[in-house]
Amino acid sequence: MDFFRSNDGKHGVRSIFAFALLLGFVSPSNSQVIDSLYSENGREPIATDSLLRPGFLQVDSGLETDIGRPSRRVELDLPALLSTLPGMMAYSFGTPGWPSSISPFGLDPNQVDLQLDGIRLNDLISGRPRFDLLPYVLLESVRTRSDPSTRPFGVLTQSGAFSSASPKTDIRYRSTNTGLQSIGVVHAQSRRVSIFRPEDRLNIVIGYAGAAADGEYPGSRLERARQLMSRIRLESGSWTIEIFELYNRRKVGAHGGVIPLTGRPYSSIYQRLGATVTHSEAKRTTIRNDLSIRFRTLIRESPFTFSGFWSTQTLQYKADSDTVLASVGRLGVSAVHKISGNQNSLRFSATAWQDHFRHGNAFIDGFDKGRSFVEFVVGGSSAFGSVLASGSVGIHADDGYTFASASIGFTHRYISLSVSTSGTRSTWMEDWGFGTRTTPLEKRPGSRVDRLRLDLHHKIGDLRLGASLFYLSETGKFTWMRDGLNGQILGQTNPDALTHTGAALEISYRNDEERGVYTLLRPAFIRASSSRDSELGRLQSSAVPEFWINGRLGMRALLFRGDLDVDLSVRAYFWESMVGRRLDTRSGLLVLPSDDSQVVPSSTMVDVVAEAGVRTATIFLAYENIFSGTNALVGNLLVPDYPLPAKRFRFGVFWPITD
């Protein structure tokens with residue numbers, strides 16, 4: 001792919017501008033502009049909390065979830081929210097600031113693509129999704145994609161428009177009996193300004209989030225979590241331009257696991273009093289900055305978006321025996337052009353970025369390398385009566401490795417079918433490692449993911465039924481594996497096909513009702529196997545359980561003459577035994593163990609939750625894992641050596657204030 005190289009031989013991103021020109025602009029004249037903030041007389045602002053119609057500014061498509069606005073939900077973080085969806089297996093620590101993640105349909109949790117308004121929030125070094133870096137109070141919606149073009153699965157988050165005519169402030173506060181104190185605040189104002197036109201509109205959003213937590217074990221403390229965010233958007237007639245800035249700083253304990261008490265069985269790790277851990281002094285620090293500038297035309301039939309983005313990240317692991325640091329930067333551009341008609345639509349997108357190593361000791365002395373990525377994707381949809389057909393094709397150049405992607409799907413009322421295939425984008429760590437205790441592959445394998453998914457749903461009165469039947473095949477899959485007890489991890493590839501076959505179900509009764517008793521069950525069945533019998537294939541196949549289920553039984557009521565809207569529920573989560581994954585404390589990756597001698601036992605976690613709507617505010621109380629530490633259940637975990645919190649009490653409030 002020499003076309004993507006500059007004259008001096010280094011990978012560049014300049015060719016993307018040629019792609020952008022190919023996508024072209026559409027003149028705003030004689031075209032329909034989407035909903036404005038102004039009424040028909042063009043002078044009086046409309047009191048609305050959405051600058052544009054829903055989904056118009058979404059950089060990528062996806063399946064809308066029933067999560068709603070995350071800030072109004074009781075769950076601790078986004079992985080906890082996502083794990084309640086069908087087919088989502090949690091790898092949870094339950095500890096604030098720790099690298100919890102999800103395995104969608106049995107896939108690798110390190111290869112989930114995470115985006116915020118099109119900005120990728122995966123770790124720039126390890127590639128794992130950094131859910132902890134999301135500006136939680138700013139989020140408006142969450143979508144999922146099972147057929148992204150360069151990762152097996154995608155989570156797409158979108159920030160709110162915050163464009164109401166009156167100033168608005170949203171506050172989210174959380175605390176626990178284990179020392180968590182967390183607050184997030186976002187303030188927004190919209191004003192009419194006369195820059196290019198008398199009706200120009202300036203929208204300013206600023207926010208702050210901070211948190212700290214003690215943790216239940218030595219070396220698990222979240223010492224510092226600070227986040228600053230700002231967005232300035234100017235709307236003028238048929239176009240907008242915005243600048244978005246997100247700054248994160250995290251410092252969290254990174255101990256190597258709880259040690260059983262001397263002379264006691266492994267189950268003694270659940271005893272908090274007198275517990276000890278390995279490397280209690282270890283800390284993992286992340287400093288991250290994301291800046292983007294985006295220009296959009298607001299033409300309903302043919303919108304165009306051009307973005308430039310710049311990200312920098314410093315990742316450091318520090319312990320008495322080992323200190324590793326790497327700082328990486330990314331500079332890139334993207335362009336999206338949509339063309340819509342009555343029954344058809346086309347979407348052209350191009351993205352390119354250049355990564356560069358800034359400083360650190362994570363790689364060999366004198367290391368001075370970069371990585372580049374370029375892609376061009378064409379997609380579209382067309383309606384044939386009551387059937388909607390969609391598809392896409394793409395070409396991707398990942399630092400010299402070129403692969404194609406393709407997808408096709410059909411939707412008809414209660415049924416949808418999708419088929420897709422693609423390669424997998426690599427990371428800095430896969431190519432160069434992270435310190436002396438990480439060994440990458442000498443030669444990168446060519447990997448591919450093929451997907452087949454059938455979704456069915458039907459409603460009979462108050463009973464709602466849904467099913468996702470899936471078949472996934474990963475060939476040449478790259479994975480990280482722990483090397484025995486010395487703490488090193490090795491890059492491995494499975495030359496055989498690893499398949500995941502199963503079903504994720506949803507059964508609910510009166511779940512949409514605002515009053516009365518309701519129930520919801522989401523079981524998942526999965527069978528993973530390798531085309532040939534091998535130790536690596538067996539470990540990959542047993543990384544998730546063959547069965548897990550989450551559900552809730554609750555009651556909703558309206559009290560005190562409508563001032564208090566209450567939702568009381570009991571929520572349970574059960575998983576079968578599995579070999580699972582282990583935590584690499586240096587990078588935060590969830591890696592395979594060296595053998596299957598230690599398993600994660602089957603267990604159940606039960607929470608009691610109360611959510612109350614008081615006018616515009618939401619208050620939530622949770623008593624979590626209520627049976628852990630009792631005669632019924634000594635304790636439980638999802639990642640070996642890291643017990644889940646026991647009998648934890650959490651309180652939180654979300655309070656929107658409109659001036």
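The values are calculated or read from the model by the stated rules, or taken from the named source; none is laboratory data. If you're wondering where the values come from, they're calculated on a predicted model, not measured in any experiment. Methodologically, a virtual Cβ is constructed for each residue, glycine included, from the backbone with ideal geometry; neighbour enumeration extends over all protein chains shown. The protein model used for the area step is the full one, side chains on, heavy atoms only, and it has no ligands, DNA or RNA in it. Shrake-Rupley method; radii C 1.70, N 1.55, O 1.52, S 1.80 Å.
Odds and ends about this structure:
- Whichever residue in the stretch 308-323 is at pLDDT 95 or above and among the β-branched types (V, I, T) and, among such residues, is farthest from S334 (Cα to Cα): T314
- Residue match in the stretch 645-653 (condition: part of a loop (DSSP other than H, G, I, E, B) and touching a residue at least 60 places away in the same chain (Cβ under 8 Å)): yes
- Residue among R231, R201, R191 that alone is closer than 30 Å to T297 by Cβ, touching an Asp or Glu at 6+ places or on another chain (Cβ under 7 Å), at pLDDT below 95 and assigned to a strand (DSSP E or B): R201
- Test: P640 is surrounded by fewer than 21 Cβ atoms within 10 Å (Cβ to Cβ) and in contact with a Gly (Cβ under 8 Å, 6 or more places away or on another chain): yes
- Within the stretch 142-187, the residues that satisfy the criterion of being modelled with pLDDT of 90 or more and surrounded by fewer than 19 Cβ atoms within 10 Å (Cβ to Cβ) are P167, T169, I171, Y173, S175, N177, G179, Q181, I183, V185, H187.
- Enumerated strands (runs of 3 or more DSSP E) restricted to the stretch 434-521, each holding at least 1 residues that are among the hydroxyl-bearing types (S, T, Y): 463-483, 488-509
- Subset of the stretch 132-161 (residues that are of a type in the set (S, T, N, Q), over 11 Å from the mean Cα position of the chain (by Cα) and farther than 18 Å from M229 by Cα): S146, S149, T150
- Against the criterion of being without any contact (Cβ under 8 Å) to a residue 40 or more places away in the chain and in a strand (DSSP E or B), I395 qualifies.
- Residue match in the stretch 605-613 (condition: touching a residue at least 40 places away in the same chain (Cβ under 8 Å), touching a strand residue (DSSP E or B) at 6+ places or on another chain (Cβ under 7 Å) and of a type in the set (D, E)): yes
- Per this entry, Q313 is counted among residues that are in a strand (DSSP E or B) and in contact with a Leu (Cβ under 7 Å, 6 or more places away or on another chain).
- Residues (within 17 Å of W575 (Cα to Cα) and either among the aromatic types (F, W, Y) or buried (at least 17 other Cβ atoms within 10 Å of the Cβ) (or both)) located in the stretch 611-637: E624, N625, I626, F627, S628, L633, V634, G635, N636, L637
- Residue ID - surrounded by the most Cβ atoms within 10 Å (Cβ to Cβ), chosen from residues in the stretch 211-267 that are in contact with a strand residue (DSSP E or B) (Cβ under 8 Å, 6 or more places away or on another chain) and aromatic (F, W, Y): F244
Let's see how each residue does on (1) surrounded by fewer than 18 Cβ atoms within 10 Å (Cβ to Cβ); (2) in contact with a Cys (Cβ under 9 Å, 6 or more places away or on another chain); (3) modelled with pLDDT of 95 or more; (4) in a strand (DSSP E or B):
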{"residue": "S334", "(1), (2), (3), (4)": "no, no, yes, yes"}
{"residue": "K338", "(1), (2), (3), (4)": "no, no, no, yes"}
{"residue": "R358", "(1), (2), (3), (4)": "yes, no, no, yes"}
{"residue": "I364", "(1), (2), (3), (4)": "yes, no, no, no"}
{"residue": "D368", "(1), (2), (3), (4)": "yes, no, no, no"}
{"residue": "R371", "(1), (2), (3), (4)": "no, no, no, yes"}
{"residue": "V374", "(1), (2), (3), (4)": "no, no, yes, yes"}
{"residue": "A383", "(1), (2), (3), (4)": "yes, no, no, yes"}
{"residue": "T402", "(1), (2), (3), (4)": "yes, no, no, yes"}
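- Top-ranked residue in the stretch 545-579 [being modelled with pLDDT under 95 and more than 21 Å from V74 (Cα to Cα); ranked as least open to solvent (accessible area, probe 1.4 Å)]: G562
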